[in-house]
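Data block below; observations after.
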Amino acid sequence: MKSLFHFAFNVTDLDQARRFYGDVLGCQEGRSTDTWVDYDFGGHQISMHLGTPFATAATGHVGAHVVPMPHFGLVLQSADWQALAARLKQAHTAFVIEPQLRFPGQPGEQWTMFFLDPFGNPIEVKGFDSLDTVYAS
């Protein structure tokens, strides 16, 4: 089954969300009202609604890192991942986990980075040389 993913979550300021998701991440804005806005997030639909963002905690153990849970994100080709990492660095993004290679030489080798949106919502972006290896074990 192939489909698009939809994820709706809360933010406290739609103008600030537009600056981050539109200007910093480069996502294209879709429909909106006074209380929510949609974005194309790597071909998937995210919807930001005014409200209290969900609670997160650093409880996810992945390799040598503890990552914020829950989180959402994207899986990109390595070249697109590198371009986004450069864009985020240029925007002076504070990373939870700096852009780096994880599991080098192993099945599932991937680039990863974690950062927070302005509302504390954790985002992970992974990069693979081939998307055929996303589920390699």
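The values are calculated or read from the model by the stated rules, or taken from the named source; none is laboratory data. Bear in mind the structure is a predicted one, so any value in this text is a computation, not a measurement. Don't worry about glycine lacking a Cβ; one is built from the backbone with ideal geometry, like all the others, and counts go over all protein chains shown.
What the table below lists for this structure:
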quantity	calculated
Residue in the range 67-75 that is in contact with a Ser or Thr (Cβ under 9 Å, 6 or more places away or on another chain), crowded, with 18+ Cβ neighbours inside 10 Å and either touching a residue at least 60 places away in the same chain (Cβ under 8 Å) or not hydroxyl-bearing (Ser, Thr, Tyr) (or both) present	yes
Yes/no for residue 40 being touching a residue at least 60 places away in the same chain (Cβ under 8 Å) and charged (D, E, K, R)	no
Filter pass, residue 58 being closer than 24 Å to residue 4 by Cβ, outside any loop (DSSP other than H, G, I, E, B), more than 13 Å from the chain's Cα centre (by Cα) and of a type in the set (A, V, I, L, M)	no
Residue that is of a type in the set (S, T, N, Q) and in contact (Cβ under 8 Å) with a residue 12 or more places away in the chain, where the choices are 82, 90	82
Selection within the range 65-96 - under 24 Å from residue 8 (Cα atoms) and β-branched (Val, Ile, Thr)	67, 75, 93, 96
Those residues of the range 5-35 which are surrounded by 14 or more Cβ atoms within 10 Å (Cβ to Cβ), in a strand (DSSP E or B) and in contact (Cβ under 8 Å) with a residue 24 or more places away in the chain, in sequence order	9, 10, 11
Options 91, 83, 64; residue that is in the same structural domain as residue 112 (by TED's automatic domain parsing), out of contact with any Gly (no Cβ under 6 Å at 6 or more places or on another chain) and surrounded by fewer than 11 Cβ atoms within 10 Å (Cβ to Cβ)	64
Matching residues, the range 98-137, being more than 18 Å from the chain's Cα centre (by Cα) and either among the polar types (S, T, N, Q) or under 26 Å from residue 20 (Cα atoms) (or both)	106, 130, 133, 137
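Conditions tested, residue by residue: (1) in contact (Cβ under 8 Å) with a residue 40 or more places away in the chain; (2) among the small types (Gly, Ala, Ser); (3) loosely packed, with under 15 Cβ neighbours inside 10 Å.
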| position | (1), (2), (3) |
| --- | --- |
| 97 | no, no, no |
| 106 | no, no, yes |
| 120 | yes, yes, yes |
| 125 | yes, no, no |
| 129 | yes, no, yes |
| 134 | yes, no, yes |
| 137 | no, yes, yes |
